[in-house]
Amino acid sequence: MNARFGVKRKVALGVTALAAIAVSAVPGSASAATGGERGSSDHWGEITRDTIAAIAAAVPGSVSGDIGGGLGSSDHWGVITRNTIGSPVAALRNGPFGSFGVQGPSASPPYGRGSLGIEVADDSTSLAPPSEKVDFGNEVDFYGDPVLGLNEVGFHVFQTGENISYGGPRNLPGIKFEINPNLTASASTYSTLVWVPGPSPVTNRWSPYLDATTTGDWYLTGNAGTVTGCNQTTMCTFQQLKTALNDGGAQPTIYTAAVSKGRDNMWIGAVDGLRINNTVYDFEADGVRTRRAN
């Protein structure tokens with residue numbers, strides 16, 4: 001498997017498409033000479049954001065959903081190289097659509113047309129254990145945010161029956177926050193806050209939203225896990241973990257946020273609609289879009 005670290009943006013194609021839409025959707029925007037003999041036109045100019053919004057209103061579905069509705073984008077998402085082992089895949093892609101015979105909302109990504117495709121192997125390195133690991137995350141936008149300010153976390157997942165056969169019903173990606181735990185009982189300034197999902201309620205199709213604040217388990221790595229009792233052996237609920245981190249001293253802060261898989265069982269699937277508080281991160285083939293959560 002090959003690791004894919006970049007996002008290819010089809011800017012030129014997008015501009016061409018918008019120009020074509022502008023010609024067809026906005027009356028009088030193109031020269032009347034549309035036959036074999038071409039004339040001149042005084043109507044060419046910069047396609048502004050307002051123009052795109054007007055086209056979107058005039059021609060439903062003609063323009064990408066990142067105009068209006070509180071949508072934006074983030075360029076700071078990608079494979080966190082220092083947290084990646086082996087040659088896994090974490091790539092923005094279209095789909096998955098299906099599986100075959102599946103119809104309705106669960107047959108398509110919950111947001112847009114794309115998702116974050118993930119592939120990790122369980123026995124492909126010379127290390128111990130030999131399994132791979134990948135973190136697809138953001139090392140910029142969450143830096144310094146308060147851990148105790150996390151109130152909504154979760155995502156949608158495309159789980160397969162094969163993945164369950166590889167590692168059981170809880171063989172799924174999770175969510176990780178690298179943090180400074182700022183615990184009075186520990187001098188450590190680094191720990192990873194990890195969500196381990198419960199089983200997906202469906203397979204071979206897109207799941208409903210998996211709420212990390214009410215389902216699954218959480219733990220802290222390193223000394224922070226030892227002193228709080230929320231470690232990989234004795235995991236905690238989301239609220240128990242927040243209570244353990246709120247020890248009356250300095251508040252814990254976030255370094256990074258990521259969707260993560262490994263190092264354990266082979267898994268091939270996808271994630272979309274990562275929610276962190278009031279923002280949903282919509283993984284699309286051409287980038288990561290941000291949406292206001294409903």
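The values are calculated or read from the model by the stated rules, or taken from the named source; none is laboratory data. Everything numeric here is computed off the predicted structure, so don't read it as measured data. Using ideal geometry, Cβ is built from the backbone for each residue, glycine included, and neighbour counts are taken over all protein chains shown. Ligands, DNA and RNA are stripped out before the accessible areas are found, and what is left, the full protein with its side chains, is counted by its heavy atoms. Shrake-Rupley method; radii C 1.70, N 1.55, O 1.52, S 1.80 Å.
Go through the range 189-206 residue by residue and turn each phi into a ³J(HN,Hα) via Karplus (6.51, -1.76, 1.60, θ = phi - 60°); whole Hz please, and just put x for glycine and proline.
Going residue by residue, I get 10, 9, 7, 10, 8, 10, 9, 9, x, x, x, 5, x, 9, 10, 6, 6, 6 Hz, with x marking Gly and Pro.
Just to confirm the filter: which chymotrypsin sites (Phe, Trp or Tyr not before Pro) across the range 117-216 are DSSP coil and have at most 10 other Cβ within 10 angstrom of their Cβ?
In loop regions of the range 117-216 (DSSP not H, G, I, E or B), there are no sparsely surrounded chymotrypsin sites (Phe, Trp or Tyr not before Pro).
Pulled fully out, how much extra length does the chain show between residue 102 and residue 184, if you take 0.36 nm times their separation in residues and subtract their Cα-Cα distance? Before the final figure, lay out the partial values.
On the way: separation 82, 0.36 × 82 = 29.52 nm, distance 5.17 nm.
Net length gain for the segment: 24.3 nm.
Using a 7 Å offset from the Cα along the Cα-to-Cβ direction at both residue 277 and residue 293, what is the distance between the two label points in nm, to one decimal?
So the two model labels end up 1.0 nm from each other.
Determine the shape class of the range 123-221: with a ≥ b ≥ c the square roots of the Cα gyration tensor eigenvalues, call it rounded for a/c under 1.5, and otherwise prolate if a/b is greater than b/c, oblate otherwise. Numbers along the way, then the final one.
Values: a/c = 2.19, a/b = 1.40, b/c = 1.57.
Here the range 123-221 falls in the oblate category.
At a probe size of 1.4 Å, how large is the accessible area of residue 126, to the nearest 10 Å²?
120 Å²
Where does the range 161-294 land on the Kirkwood hydrodynamic radius, alpha-carbon pairs, in angstrom?
Averaging 1/r across every pair of different Cα atoms and inverting gives 16.1 Å.
When only alpha-carbon atoms count, how far does the range 76-172 stretch along each of its three principal axes, as whole angstroms with the largest first?
So the three principal-axis extents are 44, 38, 23 Å.
Quick one: ranking 268, 254 by accessible area, 1.4 Å probe, largest first, what do you get?
268, 254
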